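To start, the structure under review is shown below, and the notes come after it.
Laboratory data are not the source of any read-out in this text; all were calculated from the coordinates shown. Owing to the predicted nature of the structure, the values given are computational and were not obtained by experimental measurement. We place every Cβ from the backbone using ideal geometry, glycine too, and count neighbours over all the protein chains shown.
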Amino acid sequence: MTSTNRSVAIIGAGQTGISAAVGFLNAGFDVTVYSERDQQSLFRDIPATGTAVTFGLSQQSETALGVDNFLGRAPQVTGISARTITGSGHDYAELLDFDADFPGWEAVGVDTRLKVDERLTQFLEKGGRFIVENVDPDRLDSIAGANDLTFVATGKAGLSGLFSVDESRSPYQSPQRSVLLVTVAGLGHGDDVFAHRSPAGGKHQAFNFADHGEGWWGPYLHKDAGPSWSFLGWAQPGSEWERRFRSVTDAHSAHKVVIDLHREYFDWDLPEVLSTRVIEEDPHSWIQGAVRPVVRKALGHTASGHRVVALGDTAVSYDPITGQGAQSGFIQAAQFLAAAKNHDGEFDDAWITGTYDKFLTSRVDAANLATRIFLRDPLFAEYASVLFPAAATDPKFGSALFGLLSDPSPVLSINSVDDAKSLIKQVTGEDANSILAKFAPAGRFSRSQYKALEPAV
Ligand SMILES: Cc1cc2nc3c(=O)[nH]c(=O)nc-3n(C[C@H](O)[C@H](O)[C@H](O)COP(=O)(O)OP(=O)(O)OC[C@H]3O[C@@H](n4cnc5c(N)ncnc54)[C@H](O)[C@@H]3O)c2cc1C
């Protein structure tokens, strides 16, 4: 480890803060992390912040920070199977059905508490300073005054209010969905799991899109149960699904809501869902809430005028439909680390805003647009109505569509339906209209024949 004689303070030991801390420590900075919880409490007393799946590219940022990205350790995810229904109430048509491999990379879903625990141990073993303290704005003022660079990585809430909202990049005044997340055991990852959706079986995530909201299953590594599955549901504001999500009070009631949702809307996946069971050893295996997608300015100032930098969810929070939040945090941390290593002078306003602007234009703008398309925001619904049928018709484009979860930048070329068609042609080599002409509604989806070896209790 080389010394740069420069000090970095990081407030918040979520997965972004602690991963950045390891990176800066490895690069020779003198690093102090301030966390409102001790290591044991971070592991035991709180839920995971989200499913935090990393898709391809962001795993390279974890590597650049010097932390293990869990490839080869968490259940392997090689693609997504997607199904779309349309209609109101229980009267719906089974419309789109396609299964796509990711284009040349794998995804992994790892419990954020496990990542934090491992990375905090790594940080401490390398000589990092860890202070358990709930940092308030006054304390932040003195910390920022005593360090060359201070990051605030306290999540969506925490100290995020210190950073003004970038209104031009934050079009929503409220969350676009209510979300319900629950992690469960009892279902493996073999070829027999979700076999009705994909020959890859339990190596593919399973996505269902409906007019009321969306449901998603993904292989997961849980801190206590090990290989497991996460369910993530999104409910349209004001919908019946939202009422159900809000009724959840614990893991068992979350599990029941998920089972009922599949009984009524997604019965093709029901045998798999019925074989899952609550992870009893973790009372925090679920979360329910909503995220307002917001982009903040990274540069903030404390009462005495010291500079602080927003990092991770404190800087940008996304609706999780395209799994961008955790990935964005790692990418931002790696970009700031690379820029800091190459910078000799003061970390002044110009350096902070310049580094952040590059991050916004190289990642955040595209990640937000891809998220809006997947949310079927009315402004972009026309693009989705071309992109999804093309994905269902042409496997190459299906792969490219889910490739956006790793690298969303191709969406920046889309400003019209014609642009969307050009992207389809660019990927497939075939005229988009001729691909779309081949599209036929799915009719009736194949149903699961899955039989659990041992029925769930
Ligand atoms: C349902 C759901 C699903 C998701 N799925 C995905 C996905 O598949 N892929 C993906 O990339 N992203 C996903 N995300 C987003 C992802 O989970 C988050 O972006 C990421 O975990 C945020 O990490 P963070 O470290 O920035 O913030 P946090 O995890 O919120 O960490 C903040 C830390 O700061 C500490 N803290 C707060 N205030 C203070 C204070 N005043 N002083 C000291 N410490 C403080 C907290 O205790 C906490 O430990 C999902 C989010 C949700 C809600």
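Assorted remarks:
- Under the convention that each Lys and Arg Cβ holds +1 and each Asp and Glu Cβ holds -1, the size of the dipole of the chain around its Cα centre is about 120 debye.
- For the range 376-437: rounded, prolate or oblate by the Cα gyration tensor [a/c cutoff 1.5]: rounded
- Difference of contour (0.36 nm per residue) and Cα-Cα distance, residue 211 to residue 264: 17.7 nm
- Dipole of the chain, positive direction: furthest Cα of 254, 369, 65, with charges on the beta-carbon: 369
- Euclidean distance between Cα centres, the range 317-363 to the range 170-214, Å: 29 Å
- Theoretical FRET efficiency, 1/(1+(r/R0)^6), r = Cβ-Cβ of residue 36 and residue 7, R0 30 Å, to 0.05: 0.90
- Inverse of mean 1/r across different Cα pairs in the range 228-288, Kirkwood, Å: 12.2 Å
- Beta bridges per DSSP with both ends in the chain, % antiparallel, nearest 5: 70 percent
- Think of each Lys and Arg Cβ as +1 and each Asp and Glu Cβ as -1; about the Cα centre, that makes the dipole of the range 25-125 roughly 140 debye.
- In a simple Cβ point-charge model (Lys, Arg +1; Asp, Glu -1; nothing else charged), the range 376-437 has a dipole of about 100 debye relative to its Cα centre.
- Principal axis extents of the Cα atoms in the chain, from largest to smallest and rounded to whole angstrom, are 65, 52, 39.
- For residue 203, the aspartates and glutamates whose Cα falls under 18 Å of its own Cα, not counting residues fewer than eight places away in the same chain, are 97, 99, 101, 106, 111, 191, 192, 269, 272.
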